[in-house]
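Chemist: Here you go, one structure.
The values are calculated or read from the model by the stated rules, or taken from the named source; none is laboratory data. For clarity, every value in this text was computed on a predicted model and none was experimentally measured. Glycine gets a Cβ as well: all are built from the backbone with ideal geometry, and neighbour counts include every protein chain shown. Quick note on the areas: whole protein, heavy atoms, side chains included, nothing else; ligands and nucleic acids left out. Shrake-Rupley method; radii C 1.70, N 1.55, O 1.52, S 1.80 Å.
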Amino acid sequence: MSTQNRTSTEDEYDILSQHYGGRSRLRQTLAAQREIFRGERLGQIGLLLLAIFLFVGLFAPLLAPYDAQEKLRTDDGEIKRMEAPSTEHLLGTTRLGRDVLSQVLIGTRIALIVGSLGAFMSVFIGTNMGLISGYFGGWTDDILMRLTDIIYGVPFLPFVIVLVVILGPSLLNVILAIALVQWRSTARVIRSQVLTIKERPYIEAARAAGGSDVRVLYTHILPNVLPLVFLYGAFSVGWAVIAEASVSFLGFGDPLSVSWGKMLFTAYTANAIRTAWWWVIPPGLSINLLVISVFLIGRTYEKVSNPELRERE
Amino acid sequence: MGMKEFVVRRIGQLAVTYWAFLTILFLLFRIVPGDPTTMFVAQGLSGEARKEVIENLGLNEPLHIQYVDYIFQVLQGNFGTSFQYREPVAGIIVTKFWNTIFLMLGAITLAYMIGILGGALLAWWRGTDREIVGLLATLVARSSPTFWTGIVLIMVFVFWLKWFPAGGIRSVGADYNGFVDKFVSVDFLYHVALPMLTGAIYYMATPTLLMRNTMLEILNEDFIKMKKAEGLSQYTILYKHAVRNSLLPIVTIIALVAGKAIGGQLLIEVVFNWPGMGRAMVTAVSYNDYPVAMAAFFLMGSVVILLNFAADLLYAHFDPRVTYE
Amino acid sequence: MTLLEIETLKTYYHTETGDVHAVDGVSLSLSRNETLGLVGESGSGKTTIAESINRILPENGEVVDGSIVYDGVNLTELSEKELQKYRWNDVSLIPQSAMNAFDPVYTIEEQIVEVIRAHRPDTSKAEARERAQELFEFVDLDPERVTDYPHQFSGGMKQRAAIAIALALDPPILLADEPTTALDVIIQDQILERIKDLQAEINSAMIMITHDISVVSETCDEIAVVYGGRIVEYTDTETVINEPHHPYTMGLRNAFPSIAEGDQELISIPGSPPELVNPEEGCRFADRCPFAEEECYEKTPQPREVAEGHVVECHRADEAEELRPEANKKEAWTEERPKDAAAGQEGYSND
């Protein structure tokens, strides 16, 4: 029956991961991680990109040549409005005389915070929902899966906007709103994975040995779905970054912080896309690169977990 | 189980989902911190007038009565009066609804055309450099939020090449008579081209990648080898058999793509000044025009839920195995 | 009259670890109306031989040498497009498992009509449909059910439908790849019978591929025994059954009840099929052969004619008369030989 067969969800990756082979060993060691990325050029590029972003995010205030929020003036006190790139301002300035490069560098922080926190929260909720639903089955499963179905009926971005407007525009509220919807894809995939794992002999054995449900669930089943959790974690980072940028672009973002989405919002409302490309391209490209990096990393995990996708010799 | 039972069960689920959605909507807009009445009563009214409005709207009733009343109102298509326009919301939103739907359908159709052909080609090109280039292009498209894609397209096609207008749904002074005329005209196509392409670029990744992976599985099936042995042309095997079989999963995710489209749509409408539901919602929220915002939200959710439902039925129809199991 | 002549055919699978010599110098000929049996274990290369004829090999498979001449045309030299005309029209295939032989989203009728009209564009749809029903009657299926989808058929019915579609164009050559293994014994017999009758009716030649020597002994005129990508013995059925010259053929004969002599115990050949990645010099059966000598490990035996039309690839073929009674004894196969002991091989049924 289709509704049950379909674990298809938020994104293409969900469907692909149905075939997830449960290759998991109890503990994913660093060595195993290195093994995963060996020979995966695209995955390595993803890791490198992400490492660069992490570096920039950590040291942004040191790297930024100017205060991102400061209205810069020339020596005679004029505001430097929309100046084209120069040696002094590598990426030019905004309409209010702010340094674009500094804004992009500082904006990396918001993207990384939203990406990691949003992904963590949604994967945390989704994993637990999936574990409980798949493990206990019966009416627990029915209720949780109906709930997931219902969340699937909620249009994502409009929901986030309404929630942010109601709760107030702060970074934490944006993250919360993202997580409240985003968990749905993780939940479905984890659940279907748990359904197969719980039939395995060693799980039966653990239960027969008198392990409590909570123990069996979190010490025996969870480690087996961890690679899938990582996979969804990686993709969730990408989705969260896009979502935050979108909310900010619409003007509903945190008014106090500098983010890429907000830079594009100001640039767009200032009609700069006609005149000041240097103000528009850098934040947009940064979004692209950050999201691509996590997608490439996720894709590598997926290839490992799904032999069907591996290239044949 | 039979097709009939399947449909009945699915309708039951639809009703539950719909009810839950309405409830979420109610909760979102009424049980919020602060005084919920401020969301439904225009600002700047005198105490007396304000009280009257509250009574008219039933906001002084207990919550459960309001809830029941709200469900009935919404089901009748009554969303109250817009604060901003001082008109019934339904009238305002209907035109915008169709503007949104036409743009979205166009974008999704285009995305599916690109996705099905592209995904089939990617599967065919497996292991070659072309495949990697294609996959990267898909990932780039998927990693660009619609507003960003839209901005890039505007920079290239509007400001640089000057091929298309920057936004809007029709040229100044252009007039139309009736519904059909509005959406079937050169002027409309001229305006819809860029927003449609923007949407298609964003939505196409899902069908492309799914198509590719399903195709790879299908191409390994025994019957493909048999069709080859039967001496059918490569073209026939690829498009009539492999693609046709790969379409089944793709059909079921139309709803998911549409669900994502509704969100992406909102950004496209803002970037291209498209007078649709999404933009109406953003404007309404900014003006605290909650009745309009709620109606727009309700309609967007309805589209997602109904499409989900339709996709399931379509799937059952397409794959004769589904209902027989 | 020779219909199909295969000469020193070599088909390799290119893999990461090297080329698998799945078919390594095979010569065969097939006359009109003849039924030829290809017998061997799974992995011996018999299916690859068939797939080389109409070139439906897996992606990494390639005919690297040799010729396949059909009706004066060397099929190996044809382009993919030129070959399309020959597929099904001249060489059709009854697959090993009909379970997944049909496209699940079209009815059987649509698929039969498709193949007919692909090769005979002049045929009208109505005519093709009529033909489909006729074919169903031919294979004892209810013609009414031709408009069913594949999943509505049982395994046996699908197999019959697969035979029906194979006969659609009255092909001069039928390739039957284990056409009955997926079915239970009673249906197996029925279907084999039917294939035989039909083949006689439409006057086609057939290559029957199987691991079951008893199947070929009942249906085939000639038998080619395939081992490790080579044909180790090739002659008429009676000689193969009664006077096998190759130890492997003797072993195969022991492993099947219907032809094993008298109340003799069934003996299976221990060991497993040889590795075919860049094979070394030497007889490929030597590791499992009870009669292997020094020479067998060092030199690859070449085909030689021990009697008219009886080709064997064995260094000890001349001693066949003496070896045959030995081969009927169980000890000959189960006794551990020094080489085996070192390799630590386990007993292995040959199916």
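Chemist: At 1.4 Å probe size, with every protein chain present, just tell me what the per residue accessible area of the protein assembly as shown comes to in Å².
Modeler: On the way: 42230 Å² over 989 residues.
With all protein chains present, the protein assembly as shown gives 43 Å² per residue.
Chemist: Could you work out, residue by residue across B:217-223, how many beta carbons of other chains sit within 10 Å of that residue's beta carbon, and then give the average as an integer?
Modeler: Working: counts 3, 1, 1, 4, 4, 8, 12.
Rounded to a whole number, the mean comes out at 5.
Chemist: Roughly how large is the B-A contact in terms of buried accessible area, totalled over both chains, probe 1.4 Å, nearest 100 Å²? Could the numbers behind the result be given before it?
Modeler: Working: alone 17750 and 16180 Å², together 28400 Å².
Interface area, both chains combined: 5500 Å², rounded to the nearest 100.
Chemist: Quick one: how many Å² of C:Thr47 are accessible to a 1.4 Å probe, rounded to 10?
Modeler: My reading of the accessible area for C:Thr47 is about 40 Å².
Chemist: Obtain the radius of gyration and the Kirkwood radius of the protein assembly as shown from its C-alpha atoms and give Rg over Rh. Intermediate results must be reported in sequence, preceding the final value.
Modeler: On the way: Rg = 35.2 Å, Rh = 33.0 Å.
Using Cα coordinates only, the ratio equals 1.07.
Chemist: What does the highest-first list of A:47-60, B:297-310 look like by mean Cβ count within 10 Å? Intermediate results must be reported in sequence, preceding the final value.
Modeler: Numbers: A:47-60: 15.9, B:297-310: 21.5.
Averaged packing, sorted descending, gives the order B:297-310, A:47-60.
Chemist: So, in Å, what gap is there between the alpha-carbon centers of region B:62-98 and region B:104-131?
Modeler: 41
Chemist: Using unit Cβ charges (K, R positive; D, E negative) and no other charged atoms, how large, in debye to the nearest 20, is the dipole of the protein assembly as shown about its Cα centre? Spell out each step's value before the answer.
Modeler: Working: 80 positive and 118 negative charges, 1381 e Å.
Roughly 6640 debye for the protein assembly as shown.
Chemist: Taking each residue in B:299-306, count the Cβ atoms of any other chain within 10 Å of its Cβ, then average. What number comes out? If you can, show how the numbers build up before the last one.
Modeler: Numbers: counts 2, 6, 5, 2, 2, 5, 6, 1.
Mean inter-chain Cβ contacts per residue within 10 Å come to 4.
Chemist: Strictly over 23 Å apart at the Cα level, which of C:Lys85/C:Lys158; C:Lys85/C:Lys125; C:Lys81/C:Lys196 would you flag in this model? Intermediate values should be presented prior to the final figure.
Modeler: Numbers: C:Lys85/C:Lys158 26 Å; C:Lys85/C:Lys125 20 Å; C:Lys81/C:Lys196 32 Å.
Result: C:Lys85/C:Lys158; C:Lys81/C:Lys196 exceed 23 Å.
Chemist: Where in region A:174-209 is the amide nitrogen less than 14 Å from a point lying 7 Å along the Cα-to-Cβ axis of A:Asp141?
Modeler: Those under the cut-off are A:188-200.
Chemist: Taking the convex hull of the Cα atoms, report for region C:100-170 its projected area averaged over all directions, in nm². If you can, show how the numbers build up before the last one.
Modeler: On the way: hull surface 16.7 nm².
For region C:100-170, averaging the hull's shadow over all directions gives 4.2 nm².
Chemist: Starting from the 7 Å offset along Cα-to-Cβ, what nm value, one decimal, do you get for the label separation of A:Thr87 and C:Glu243?
Modeler: Computed distance between label sites A:Thr87 and C:Glu243 equals 10.0 nm.
Chemist: Amide H to amide H under 5 Å from B:Trp274: which residues, 5+ apart in sequence or cross-chain, H placed 1.01 Å off N in plane?
Modeler: Result for B:Trp274 returns B:Gly168.
Chemist: Using a 1.4 Å probe over the heavy atoms of the protein chains, calculate the carbon and sulfur portion of the accessible area of region B:220-325 as a whole percent.
Modeler: C and S fraction of accessible area: 59 percent.
Chemist: If you don't mind, another one. Using +1 on the beta carbon of Lys and Arg, -1 on that of Asp and Glu, and nothing else charged, what's the dipole of region C:137-275 about the Cα centre, debye to 20?
Modeler: Values: 7 positive and 25 negative charges, 86 e Å.
It works out to roughly 420 debye.
Chemist: Separate question: When ranked by the protection proxy of mean other Cβ atoms within 10 Å per residue, highest first, what sequence do the peptides C:141-148, C:169-176, C:196-203, C:50-57 form? Display every interim value, and only then the final one.
Modeler: Values: C:141-148: 15.8, C:169-176: 21.6, C:196-203: 13.9, C:50-57: 23.2.
The packing order, highest mean first, is C:50-57, C:169-176, C:141-148, C:196-203.
Chemist: Follow-up. Can you tell which of C:Ala164, C:Pro121, C:Pro179 lies farthest toward the positive end of the dipole of region C:95-213, using +1 and -1 charges on the Cβ of basic and acidic side chains (Lys, Arg; Asp, Glu)?
Modeler: C:Pro121
Chemist: A follow-up question, please. Would you mind checking which residues have amide H under 5 Å from C:Ser31's amide H? H placed 1.01 Å from N; only 5 or more apart, or other chain.
Modeler: C:Leu3
Chemist: Run the quick spin-label model on B:Val133 and C:Asn100: label points 7 Å from Cα toward the beta carbon, then report their separation in nm to one decimal.
Modeler: 3.3
Chemist: So between B:Thr109 and B:Leu313, what do we pick up on full extension, going 0.36 nm a residue minus the alpha carbon distance?
Modeler: Numbers: separation 204, 0.36 × 204 = 73.44 nm, distance 1.91 nm.
71.5 nm is the gain from fully extending B:Thr109 to B:Leu313.
Chemist: Related question: Solvent-accessible area of C:Asp140, probe 1.4 Å, all protein chains present, reported in Å² to the nearest ten, please.
Modeler: Taking all protein chains as shown, C:Asp140 has close to 100 Å².
Chemist: Which residues in region C:189-207 have a backbone N closer than 15 Å to a point placed 7 Å from the Cα of C:Met1 along the Cα-to-Cβ line?
Modeler: Once the point is set 7 Å along Cα→Cβ of C:Met1, C:203-205 turn out to lie under 15 Å by backbone N, inside region C:189-207.
Chemist: What value, in deg cm²/dmol to 500, does the helix sum -39500 (n - 2.57) over DSSP H runs of n ≥ 4 give at 222 nm once divided by the residues of the protein assembly as shown? Show your work: numbers first, answer last.
Modeler: On the way: 40 runs with 551 residues, N = 989.
That calculation yields -18000 deg cm²/dmol at 222 nm.
Chemist: Give the cross-link partners of A:Lys303 among the lysines, using a straight C-alpha distance below 27 Å as the criterion and excluding same-chain residues fewer than 8 apart.
Modeler: A:Lys198, B:Lys225, B:Lys260
Chemist: Separate question: How much accessible area does C:His151 have with a 1.4 Å probe, in Å² rounded to the nearest 10?
Modeler: Here the residue's solvent-accessible area equals roughly 60 Å².
Chemist: Could you tell me the calculated FRET efficiency between B:Tyr287 and A:Arg34, based on Cβ-Cβ distance and R0 = 41 angstrom, to the nearest 0.05? Display every interim value, and only then the final one.
Modeler: Numbers: r = 54 Å, r/R0 = 1.32.
After rounding to 0.05, the efficiency reads 0.15.
Chemist: A further question follows. Going from most exposed to least, what order do C:Tyr70, C:Tyr297, B:Tyr235 have by accessible area with a 1.4 Å probe? Intermediate results must be reported in sequence, preceding the final value.
Modeler: On the way: C:Tyr70 10, C:Tyr297 60, B:Tyr235 160 Å².
I get B:Tyr235, C:Tyr297, C:Tyr70, largest accessible area first.
Chemist: Suppose each label sits 7 Å from its Cα in the direction of the beta carbon; what would the C:Asn60-B:Leu306 distance come out to in nanometres?
Modeler: 5.1
Chemist: Could you work out the mean count of beta carbons from other protein chains within 10 Å of each residue's beta carbon in A:274-282? Each step should come with its number before you reach the end.
Modeler: Values: counts 5, 1, 0, 3, 0, 0, 5, 4, 0.
Mean shielding count: 2.
Chemist: Sorted by packing (mean other beta-carbon atoms within 10 Å per residue), highest first, where do A:88-97, A:215-224 land?
Modeler: The peptides rank, most packed first, as A:88-97, A:215-224.
Chemist: Of C:Ile241, C:Ala22, C:Cys296, whose Cα points farthest to the positive end of the dipole of chain C (charges on the beta-carbon: +1 Lys, Arg; -1 Asp, Glu; origin at the Cα centre)?
Modeler: Looking along the dipole axis, the top candidate is C:Ala22.
Chemist: Further question on the same structure: Given a 1.4 angstrom probe, I'd like the percentage of the accessible area of chain A that is carbon and sulfur, rounded to a whole number.
Modeler: Working: 8220 of 13260 Å².
Answer for chain A: carbon and sulfur cover 62 percent of the accessible area.
Chemist: So, in Å, what gap is there between the alpha-carbon centers of region A:109-184 and region A:187-251?
Modeler: 14
Chemist: Determine the order of C:Ser204, C:Ser97 by accessible area, beginning with the largest, at a probe radius of 1.4 Å. Don't jump to the answer; show the numbers that get you there.
Modeler: On the way: C:Ser204 0, C:Ser97 40 Å².
Ranked from most to least accessible, the order is C:Ser97, C:Ser204.
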